[in-house]
Amino acid sequence: MKFYKNLYIGDTITKPNKIKWKLKCHAKQLRVFVILLASGDDQLEICHSIVLEQPYYRNKENAPYVIGIAGNYEEAVTLVCRIVEEAVAQNGNADLKGYLFPEAQAVRKA
């Protein structure tokens with residue numbers, strides 16, 4: 001499991017490092033939602049942290065890339081909206097993967 005270098009944290013999250021540790025150790029957390037980088041054409045996805053307990057995500061090839069942590073679904077949606085607003089303000093479009101990882105965009109253009 002990887003975490004975004006500038007991890008987005010919801011307002012109700014008080015101990016993000018403890019939550020990150022629990023996510024890495026596959027400890028169950030009932031009140032945590034995560035924002036993940038989507039693997040396909042989609043850009044981001046929101047899921048409950050319990051979903052990451054599935055054997056699929058324990059495989060290194062399928063390890064999730066966590067962009068944000070929220071205390072509930074509504075807060076996760078608010079974080080995604082914030083990311084979209086920041087992307088549009090900076091780049092003029094809603095290419096979230098390009099906004100979050102500009103270095104990857106520069107490599108693709110070269």
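Worth a mention:
- Some residue of the range 97-105 being open to solvent by 60 Å² or more (accessible area, probe 1.4 Å) and touching a residue at least 40 places away in the same chain (Cβ under 8 Å): no
- One residue from 65, 4, 8 being within 18 Å of residue 102 (Cα to Cα), within 10 Å of the chain's Cα centre (by Cα), open to solvent by 50 Å² or more (accessible area, probe 1.4 Å) and not small (Gly, Ala, Ser): 65
- Selection status of residue 76, open to solvent by 60 Å² or more (accessible area, probe 1.4 Å), modelled with pLDDT of 90 or more and either under 22 Å from residue 18 (Cβ atoms) or not in a strand (DSSP E or B) (or both): no
- Checking every residue in the range 11-33 against the condition of being under 14 Å from residue 53 (Cβ atoms), part of a loop (DSSP other than H, G, I, E, B), open to solvent by less than 50 Å² (accessible area, probe 1.4 Å) and at pLDDT 95 or above gives at least one match.
The values are calculated or read from the model by the stated rules, or taken from the named source; none is laboratory data. Here the structure is a predicted model, which means the values were calculated and not measured. Here the Cβ is made from the backbone with ideal geometry for all residues, glycine too, and neighbour counts use every protein chain on show. Calculation scope for accessible area: heavy atoms of the full protein, side chains included, ligands and nucleic acids excluded. Shrake-Rupley method; radii C 1.70, N 1.55, O 1.52, S 1.80 Å.
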